[in-house]
Amino acid sequence: MNRLSSFPRKREPSPLRRIWVSAFAGMTILMLSAPAFADSNLPPAQWANRQLPDARQEAAATRLMFEIRCLVCQGQSIADSDAEMAGDMRHLIRTRVAAGENPDAIRTWLVERYGNWISYQPPTAPIGWPLWLAPLLLLGAGLLLIRHRIARRRLK
């Protein structure tokens, strides 16, 4: 008996295994190609990347765009974002400012539509006060604890 015949022979994969492997390969290809299909074929909105002719209106629109958070990027303002949604929102803001609408009214409309989160300057409400007071209370409690331990150590 030669040494090669003592090794187990490679078995053919079962039909079920072949189906699973091909399904996994298909899903992998689909997942990797999905971002390519996510982009729109539509041209950008008219005022997404163009400035308004009136410098005063453009300044007001730009100021507002830096105060509104991009819904896609979430860490950038719509003025900084390259996302299509941010371009649509820039177009919306410029169109409304060009129509004579007040930037504060536009911000109010956006907050009503998307919630306080969209604004980098959310209004202060009593429900948010614990978030601002908790660190101060914890700092005060820590200082009292340190003071108490130092005083106890001096008495020993």
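In a simple Cβ point-charge model (Lys, Arg +1; Asp, Glu -1; nothing else charged), the chain has a dipole of about 1720 debye relative to its Cα centre. Extension gain for residue 141-residue 112 works out to 6.6 nm (0.36 nm per residue, less the C-alpha to C-alpha distance).
Given (1) 2, 9, 17, 22, 20, 14, 9, 5, 2, 1, 0, 0, 0; (2) 2, 10, 19, 20, 15, 11, 9, 6, 4, 2, 1, 0; (3) 1, 7, 10, 10, 9, 7, 6, 6, 7, 6, 6, 6, 5, 5, 4, 3, 1, 1, 0, which label gives P(r) over Cα pairs in 5 Å bins from 0, in percent as computed from the coordinates? Given (1) 2, 9, 17, 22, 20, 14, 9, 5, 2, 1, 0, 0, 0; (2) 2, 10, 19, 20, 15, 11, 9, 6, 4, 2, 1, 0; (3) 1, 7, 10, 10, 9, 7, 6, 6, 7, 6, 6, 6, 5, 5, 4, 3, 1, 1, 0, the calculated one carries the label (3). Residues whose amide H comes within less than 5 Å of that of residue 77, counting only those at least five positions distant or on another chain, are 70 (H built at 1.01 Å from N in the peptide plane). Simple rule: put +1 on each Lys or Arg Cβ and -1 on each Asp or Glu Cβ in the chain, find the dipole, and look at 93, 122, 103; the Cα lying farthest toward the positive end is 122. Label point of residue 49 set 7 angstrom out along Cα-Cβ; within the stretch 63-81, amide nitrogens under 13 Å from it belong to 81.
None of the figures in this text is laboratory data; all of them are computed from the coordinates on show. This one's a predicted model, so the numbers in the text were calculated from it and none came from an experiment. A quick note on method: Cβ atoms are made from the backbone with ideal geometry, for glycine too, and the neighbour counts reach across all protein chains shown.
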